[in-house]
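Taking it in order: structure first as structure tokens, then the write-up.
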């Protein structure tokens, strides 16, 4: 199924705590300098940081790191640790006297799943996850399952969720990869009646996704790719994008491979092909996250069995 790190220059770092009342963590996607990015939030209950800065109408066009975290809105504090790492390494939007790192973040709800409601990701964990990403080699393996932000993830509030990743290479040399944190209200191909019977407690859920590509995209095209990628969430999970989910997709474009823009028809076809592939790879990454959390080895597109978390 590949991984998001099949996109050259993309690195991923995980930090987690799973004892002493803790069951949560942080995942950082660290792109190469100059990577263009945007985001699309379609869930009804998001917990996000700096997403407005990624709108195509704003000043900023590049992203220095993306933080995916547990801890709901409290866990967004971990983004400040990633920002500190970026500043120390000279990465950020240049301003008089230094740089301001652009570090958007999004969180899942996992509060109290380890037993301590106050055990949630910290700035130090965000810094450590960013440093861990930076220390990785090109094309490294990505931790899957209950690691990083997927440590305390659940699916349908009953089954294990977690981190999944996948990638695809198109004929024109474009690589599209995705990393997903699956903490969703919905379940793969399960009827709503079973959801009602198995779920307990308030519905507080989210699927977080980072889509990365080596294609040349501007901010508006990244925004559209992020929007199209939400189709992959809907294909993998039912229901999706509910009032109780914070479903969020980031898109990063490293700009190494030019698309065919020889005329308007070619431009549209190139973008539609890439965005269709992004939706497919998001679906695969989500199913990989479910299977990895459950310790199941399944071909892409097969769900396997589930066990109660």
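The residues of the range 291-309 that are modelled with pLDDT under 50 and part of a loop (DSSP other than H, G, I, E, B), listed by number, are 297, 298, 299, 300, 301, 302, 303, 304, 305, 306, 307, 309. Among the residues of the range 129-150, those that are assigned to a loop (DSSP other than H, G, I, E, B) and either more than 14 Å from the chain's Cα centre (by Cα) or without any contact (Cβ under 8 Å) to a residue 24 or more places away in the chain (or both) comprise 135, 136, 137, 138, 139, 140, 141, 146. In the range 11-39, the qualifying residues are those that are touching a strand residue (DSSP E or B) at 6+ places or on another chain (Cβ under 7 Å) and part of a loop (DSSP other than H, G, I, E, B), and the one that is surrounded by the fewest Cβ atoms within 10 Å (Cβ to Cβ) is 34. Any chance the range 5-26 includes a residue that's closer than 20 Å to residue 98 by Cα, in contact with a helix residue (DSSP H, G or I) (Cβ under 9 Å, 6 or more places away or on another chain) and in contact (Cβ under 8 Å) with a residue 40 or more places away in the chain? No; the residues of the range 5-26 include none that is closer than 20 Å to residue 98 by Cα, in contact with a helix residue (DSSP H, G or I) (Cβ under 9 Å, 6 or more places away or on another chain) and in contact (Cβ under 8 Å) with a residue 40 or more places away in the chain. Among residues of the range 174-194 that are at positive phi and at pLDDT below 95, none has a Cβ under 6 angstrom from a residue that is surrounded by fewer than 24 Cβ atoms within 10 Å (Cβ to Cβ) and part of a strand (DSSP E or B) at a sequence gap of 6+ or on a separate chain. The strands (runs of 3 or more DSSP E) located wholly in the range 40-116 that include 3 or more residues which are surrounded by fewer than 24 Cβ atoms within 10 Å (Cβ to Cβ) occupy 93-95, 98-100. Taken over the range 92-104, the criterion of being touching a helix residue (DSSP H, G or I) at 6+ places or on another chain (Cβ under 9 Å) and more than 19 Å from residue 251 (Cβ to Cβ) is satisfied by 92, 98, 99, 100. Scanning the range 105-128 for residues that are touching a residue at least 60 places away in the same chain (Cβ under 8 Å), closer than 16 Å to residue 13 by Cβ and in contact with a helix residue (DSSP H, G or I) (Cβ under 7 Å, 6 or more places away or on another chain) gives 121, 125, 126.
Sort out which residues of the range 250-290 are free of Cβ contacts under 8 Å to residues at least 60 places away in the same chain and part of a helix (DSSP H, G or I), and write them in order of number.
Passing the criteria: 264, 265, 266, 267, 268, 269, 271, 272, 275, 276, 279, 283.
For residue 205, only one of the following conditions fails: (1) modelled with pLDDT of 90 or more; (2) touching a strand residue (DSSP E or B) at 6+ places or on another chain (Cβ under 6 Å); (3) surrounded by 24 or more Cβ atoms within 10 Å (Cβ to Cβ). What is its number? That leaves (1) as the condition not met.
The values are calculated or read from the model by the stated rules, or taken from the named source; none is laboratory data. Values in this document were obtained by computation on a predicted structure and should not be read as measured data. Here the Cβ is made from the backbone with ideal geometry for all residues, glycine too, and neighbour counts use every protein chain on show.
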